[in-house]
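What follows is one structure encoded as structure tokens, with my remarks underneath.
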């Protein structure tokens, strides 16, 4: 099966923006500030195996991601060194593993900043090339990132187009991908942590984790939500004595919507629309026969992805996330 999805950059921005977005340009880094407060940095450069967004912070400055191995933290987790900040990559593209690499071969190599526009919504557009171990360019990546402030949240609406450079580009159906964040240790799942209702004291922050996933299907916890399709997935927990969290939403214009989810209790939080065959083989609702996606592009064909990330503070309910998704999907 060949999937061809090519859309315009952004089909309707989603919510009333609060505050001004400004950019700070540095060598191989662009800082993103909302009302003067750091939201994230776009990191790139020849020494990076892939572009990164790190850290990701709430409006009050609480960091929701893990920084290892960029910044080792004493007593913090040191597994999966390829899980750095917020990133976009996938395993097995024409046989090359772009997901697990921590070196610059293979590499998703930043090429240019194409747009840098400040305002109530800040727009950062960039181009990168996916280069395999032999130095051959496999894909061109064009991304547009729209940053904004919303009520008690910082948000990112990201659109990515991948275009085949080789005569044929094949994406193997595999769980290791694709748009992902590695969460701070305090937000990992540990048993059945449930944030108490308003008026009751919060549990203490724990390096073992206080987070819990919730999906648009109503699934609770990584074990229930892993490998299933969902329109959105959110996680919230306790960090620095406050309820904070991350929600990721899949736009209906994106390929193979609603996406499958590769979420793990230890802190990996990833949307992977291209892992269909692998997820269906392993999930509890196995299809018989399994129907893999087998995405294959020929030269100059493109595939489109779009997601929204909400880094929030304060308790959120299922209905809160559903309302935000309904607005986003319009």
Specify which of the listed residues (11, 6) is within 24 Å of residue 131 (Cα to Cα), modelled with pLDDT under 95 and surrounded by fewer than 13 Cβ atoms within 10 Å (Cβ to Cβ).
6
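Per-residue answers, yes or no, for (1) within 21 Å of the chain's Cα centre (by Cα); (2) over 27 Å from residue 67 (Cβ atoms); (3) at pLDDT below 95:
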position: 89; (1), (2), (3): yes, no, no
position: 93; (1), (2), (3): yes, no, no
position: 138; (1), (2), (3): no, yes, no
position: 147; (1), (2), (3): yes, no, no
position: 184; (1), (2), (3): yes, no, yes
position: 190; (1), (2), (3): no, no, yes
Quick one: is residue 252 part of a loop (DSSP other than H, G, I, E, B) and out of contact with any strand residue (DSSP E or B) (no Cβ under 8 Å at 6 or more places or on another chain)?
yes
For residue 265, which of the numbered conditions (1) touching a helix residue (DSSP H, G or I) at 6+ places or on another chain (Cβ under 8 Å); (2) surrounded by fewer than 21 Cβ atoms within 10 Å (Cβ to Cβ); (3) under 18 Å from residue 171 (Cα atoms) fails to hold?
(3)
Some residue of the stretch 51-68 being within 20 Å of the chain's Cα centre (by Cα), modelled with pLDDT of 95 or more and under 29 Å from residue 298 (Cβ atoms):
yes
Hits in the stretch 86-98 - residues which are in a loop (DSSP other than H, G, I, E, B) and surrounded by 24 or more Cβ atoms within 10 Å (Cβ to Cβ):
98
Selected residue (criterion: surrounded by the fewest Cβ atoms within 10 Å (Cβ to Cβ)) from residues of the stretch 229-249 that are in a loop (DSSP other than H, G, I, E, B) and modelled with pLDDT of 95 or more
231
Is it the case that the stretch 121-132 has a residue that's in contact (Cβ under 8 Å) with a residue 12 or more places away in the chain, surrounded by 13 or more Cβ atoms within 10 Å (Cβ to Cβ), within 21 Å of the chain's Cα centre (by Cα) and not in a strand (DSSP E or B)?
no
From the option list 291, 324, single residue qualifying as surrounded by 21 or more Cβ atoms within 10 Å (Cβ to Cβ) and either at pLDDT 95 or above or over 20 Å from residue 220 (Cα atoms) (or both) is 324
Conditions (1) in contact with a strand residue (DSSP E or B) (Cβ under 7 Å, 6 or more places away or on another chain); (2) within 20 Å of residue 235 (Cα to Cα); (3) surrounded by fewer than 21 Cβ atoms within 10 Å (Cβ to Cβ); (4) modelled with pLDDT under 85: number failed by residue 77
(1)
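The values are calculated or read from the model by the stated rules, or taken from the named source; none is laboratory data. No experiment lies behind these values; they were computed from the predicted model shown. Every residue, glycine among them, receives a Cβ derived from its backbone with ideal geometry; neighbour counts consider all protein chains shown.
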